[in-house]
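Visitor: One structure follows; several queries about it will come next.
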Amino acid sequence: MTSIKELKQVNNLTFECETGNYHTFCPISCVSWLYQKIEDSFFLVIGTKTCGYFLQNAMGVMIFAEPRYAMAELEEGDISAQLNDYEELRRLCMQIKKDRNPSVIFWIGTCTTEIIKMDLEGIAPKLESELNVPIVVARANGLDYAFTQGEDTVLAALAQRCTQLQFNHHSNDSDSQKSQKPLIIFGSLPNFVNKQLTLELANQGIDVAGWLPSSNYVDLPNICPGDYVVGVNPFLSRTATTLMRRRKAKLIVAPFPIGPDGTRAWIEKICDVFGLKPKGLEEREKNIWSNLKEYTELLKGKSVFFMGDNLLEVSLARFLVNCGMTVYEIGIPYMDKRYQKAELEFLQATCQKNGVMMPKIVEKPDNYNQLDRIQDLKPDLVITGMAHANPLEARGINTKWSVEFTFSPIHGFSNAKDVLELVTRPLRRNSSLPDLNFKV
């Protein structure tokens, strides 16, 4: 297939769009971390046996562990409309309520439910009132969404379940109105990372009113018109749009807290919105960079190529440029330039500060074309999906699975080392091979 490319120059960053498919993990994989994050939930994935095989292999959870997710496998009778969708889902959900008694049930739609036009949104309210258990519908199908956007669809649906109770946010003191508005952070992170970021903001005099998602469905944050919201991940554009349009919240557009540079910029932007002067961030960032010197020395002068998988590519590229690397290309399945505006500007400023070339950003890249470009450019490292890692390694190119950045704690000051540990591991491993008399 011939790719149709649309080229334009924006602030010295080159944006290109190819007609490649989403060469990413299936978005229903978001169940693997969300069912652990929302502890009183149950996830029901409605799809075919293929979806079930994928979940079982991707998550590696044995049946006897009784995980809080299950497959509703569509059979021939469902697809040919010989069976009643409502009755079948009612039977399954009644069994889930009896066995697990969750506070909320998530229905995760797949490609098949899209193709056969299964009316999940129409069935859910009626069944919810009958069972007296909230049912949240999220369409995490691979036709429309890339890997991590599965979480985005779930959080966007969850945002509409947040309460809108009006409180008096203003104290009797002479504080400004802006500093009294609540701040809600959206994005699923491990609980200890939540606490780290909450503490960082508390040190600046900013209280976090809540996180979306919360550890329990019953503890969802209260979001009123005019409240401030800020994201921690670049793939949550639909959630941001829902919070602005449906909840009338004010979005803080900031770089994302990945790496010490990104974390500092994220906190500084929030402080700026709340009219506060940041305290001690410059020194904190310097200390983190000094602790990362062992890694940055190894990366200095090296080059990296992102094939595109999890939508974290721009943030990771910006961090790696600050580590001394040159980024040839940033492949990304989907780019929302409004939501990532601050991150793109930060990337441009970082490249200019370090005197390195501006990377080309390719949306929906064609992997065949990318492999040709990799062959020509010969980068020191390619961050790619699992499908292309072994073929590239066979060509003598160092690779790193992009999926590992999704499942690792990479946010905040304290976890910057984990990012560089992942990035440098293949470089350190292959540099030691000659000592073992292996030829690469």
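The values are calculated or read from the model by the stated rules, or taken from the named source; none is laboratory data. Remember, it's a predicted structure, so these values are computed and weren't measured experimentally. Virtual Cβ from ideal backbone geometry, glycine too; neighbours counted across all protein chains shown.
Visitor: Can you spot a residue in segment 278-285 that is farther than 26 Å from PHE147 by Cβ, among the aliphatic types (A, V, I, L, M) and touching a residue at least 12 places away in the same chain (Cβ under 8 Å)?
Guide: Yes, there is a match, as at least one residue in segment 278-285 is farther than 26 Å from PHE147 by Cβ, among the aliphatic types (A, V, I, L, M) and touching a residue at least 12 places away in the same chain (Cβ under 8 Å).
Visitor: Sticking with this one: Among LYS195, LYS178, which is the only one that is out of contact with any strand residue (DSSP E or B) (no Cβ under 8 Å at 6 or more places or on another chain), modelled with pLDDT of 75 or more, exposed (fewer than 15 other Cβ atoms within 10 Å of the Cβ) and of a type in the set (Lys, Arg)? If you could, list the steps in order and put the result at the bottom.
Guide: Details: LYS178 fails: modelled with pLDDT of 75 or more.
From the options LYS195, LYS178, the qualifying one is LYS195.
Visitor: While we're looking at this one, here's another question. List the number of the failed condition for PHE147; all other conditions in (1) in a loop (DSSP other than H, G, I, E, B); (2) at pLDDT 95 or above hold.
Guide: The failed condition is (2).
Visitor: Out of VAL137, VAL154, VAL133, which single residue is surrounded by 13 or more Cβ atoms within 10 Å (Cβ to Cβ) and assigned to a loop (DSSP other than H, G, I, E, B)?
Guide: None of the other options fit; the residue is VAL133.
Visitor: Are there any pairs, at least 6 apart or on different chains, whose C-beta atoms fall under 7 Å, with the first in segment 293-306 and assigned by TED's automatic domain parsing to the domain that holds ASP372 and within 11 Å of ASP380 (Cα to Cα) and the second among the polar types (S, T, N, Q) and assigned to a helix (DSSP H, G or I), and if so, which?
Guide: LEU299/THR424
Visitor: Working only within segment 270-293, note down all residues that are assigned to a helix (DSSP H, G or I) and in contact with a helix residue (DSSP H, G or I) (Cβ under 9 Å, 6 or more places away or on another chain).
Guide: Of everything in segment 270-293, those that are assigned to a helix (DSSP H, G or I) and in contact with a helix residue (DSSP H, G or I) (Cβ under 9 Å, 6 or more places away or on another chain) turn out to be ILE270, CYS271, VAL273, LEU281, GLU282, ARG284, GLU285, LYS286, ASN287, ILE288, TRP289, ASN291.
Visitor: Test of understanding: among GLY331, GLY301, which residue is crowded, with 20+ Cβ neighbours inside 10 Å and of a type outside the set (A, V, I, L, M)?
Guide: GLY331
Visitor: Any residue at all in segment 391-399 that's among the polar types (S, T, N, Q) and part of a loop (DSSP other than H, G, I, E, B)?
Guide: yes
Visitor: Something else: Would you please name the residue that is farthest from the chain's Cα centre (by Cα), looking only at residues in segment 201-231 that are farther than 26 Å from ILE105 by Cβ and assigned to a loop (DSSP other than H, G, I, E, B)?
Guide: If we take residues in segment 201-231 being farther than 26 Å from ILE105 by Cβ and assigned to a loop (DSSP other than H, G, I, E, B), then GLY205 is farthest from the chain's Cα centre (by Cα).
Visitor: Right, another one. Which of the residues spanning segment 330-376 are of a type outside the set (A, V, I, L, M), closer than 25 Å to GLU268 by Cβ, under 25 Å from the mean Cα position of the chain (by Cα) and assigned to a helix (DSSP H, G or I)?
Guide: LYS341, GLU343, GLU345, PHE346, GLN348, THR350, CYS351
Visitor: Go through segment 108-162 and report how many residues are touching a residue at least 60 places away in the same chain (Cβ under 8 Å), among the β-branched types (Val, Ile, Thr) and within 24 Å of ALA249 (Cβ to Cβ).
Guide: 3
Visitor: Shifting gears a bit: Restricting attention to segment 294-315, which residues are at pLDDT 95 or above, among the small types (Gly, Ala, Ser) and under 21 Å from the mean Cα position of the chain (by Cα)?
Guide: SER315
Yes or no, residue by residue, for (1) under 28 Å from the mean Cα position of the chain (by Cα); (2) modelled with pLDDT under 90; (3) outside any helix (DSSP H, G or I):
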residue	(1), (2), (3)
LEU34	yes, no, no
LEU55	yes, yes, no
MET94	no, no, no
PRO102	yes, no, yes
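Visitor: Considering only segment 256-269, I want to know if a residue exists there that is surrounded by 15 or more Cβ atoms within 10 Å (Cβ to Cβ), out of contact with any Ser or Thr (no Cβ under 7 Å at 6 or more places or on another chain) and in a loop (DSSP other than H, G, I, E, B).
Guide: So far as segment 256-269 goes, no, none of its residues is surrounded by 15 or more Cβ atoms within 10 Å (Cβ to Cβ), out of contact with any Ser or Thr (no Cβ under 7 Å at 6 or more places or on another chain) and in a loop (DSSP other than H, G, I, E, B).
Visitor: Right, another one. Pull out all pairs, ordered by first then second residue, where Cβ-Cβ is under 6 Å, the residues are six or more apart or on different chains, the first lies in segment 42-53 and is buried (at least 22 other Cβ atoms within 10 Å of the Cβ), and the second is among the hydroxyl-bearing types (Ser, Thr, Tyr).
Guide: Short answer, once both residue conditions are applied: PHE43/TYR35; PHE43/TYR69; ILE46/THR113; GLY47/THR110; GLY47/THR112; CYS51/THR110.
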